[in-house]
1. Explain nothing, just compute: Karplus ³J(HN,Hα) = 6.51 cos²θ - 1.76 cosθ + 1.60, θ = phi - 60°, for every residue of the range 121-130 in order, whole Hz, x for Gly and Pro.
2. Taking neighbour counts of Cβ atoms within 10 Å as a proxy for exposure, in what order, fewest first, do Leu94, Leu138, Leu44 appear?
3. Amide H neighbours of Gln38 under 5 Å, counting only residues 5+ apart in sequence or on other chains, H built in-plane at 1.01 Å?
4. Determine the dipole magnitude for the chain: charges of +1 sit on the beta-carbon of Lys and Arg, -1 on that of Asp and Glu, nothing else is charged, the reference point is the Cα centre, and the result goes in debye to the nearest 20.
5. Under a no-solvent Debye model with one identical scatterer per Cα of the range 8-86, what's log10 I(q)/I(0) at q = 0.11, 0.14, 0.21, 0.22 Å⁻¹?
6. Local charge sum around Ile96 (other residues, Cβ-Cβ under 11 Å, Lys/Arg +1, Asp/Glu -1)?
7. So what is the 222 nm mean residue ellipticity for the chain from helices alone, if each DSSP H run of at least 4 adds -39500 (n - 2.57) and you divide by all residues, rounding to the nearest 500 deg cm²/dmol?
8. So what's the gap between the Cα centers of the range 103-163 and the range 3-51, to the nearest angstrom?
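Bear in mind that the values in this text are calculations on the coordinates, not laboratory data. Computed from a predicted structure; not experimentally measured. Using ideal geometry, Cβ is built from the backbone for each residue, glycine included, and neighbour counts are taken over all protein chains shown.
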Amino acid sequence: MQISEDSRVWIYQADRAFTGAEKEQIEDALKDFTSQWQAHGFQLSADAEVRYNRFIILMVDEAQAGATGCSIDKSVRMIKDFEQQFNVNLFDRLNIAFRRGDDILSLDRDRFEQEIQSGRVTEDTIVFNNLVQTKKELDTNWETQFRNSWHARVYESILAAGN
């Protein structure tokens, strides 16, 4: 499906990588969900994917019909079902994902701080900004250098101490 760059985006980050079989099951469920996703009786122009075996991304082109509280609640219930079905955490906003070579890792806030202090996470490390709001931001600002992210503001004093 072709979806507008202005489409609204929600990103759910897993605390571990999905297996191939899990990814396939999730993608099948997402396809079924988005094909039937409605807001107040109007079909939503929506798309979804699992990216890097770790991120579930939902998108709605609100130029067609806007997502409402009830429709968003339905998507959240589906994500919570995935959590239970696959024994994974998808709502921990303090779990930070970043690249190390070709690998994508995620750590809790304290362990991420230790990685900064040790120099294994630097200003050039690619982190994932799951706060992006639109598909355009997803395409241009989701994967960004640590120095350009909201993460840098949170860990500013630790970065300064390391330099």
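1. Couplings: 10, 10, 4, 8, 4, 7, 10, 9, 8, 6 Hz.
2. Ordered by Cβ neighbours within 10 Å, fewest first: Leu94, Leu138, Leu44.
3. Leu44
4. 240 debye
5. -0.26, -0.43, -0.91, -0.99
6. Once positives and negatives cancel, what remains is -3.
7. Calculated mean residue ellipticity at 222 nm is -12000 deg cm²/dmol.
8. Distance between centres, Cα-based: 25 Å.
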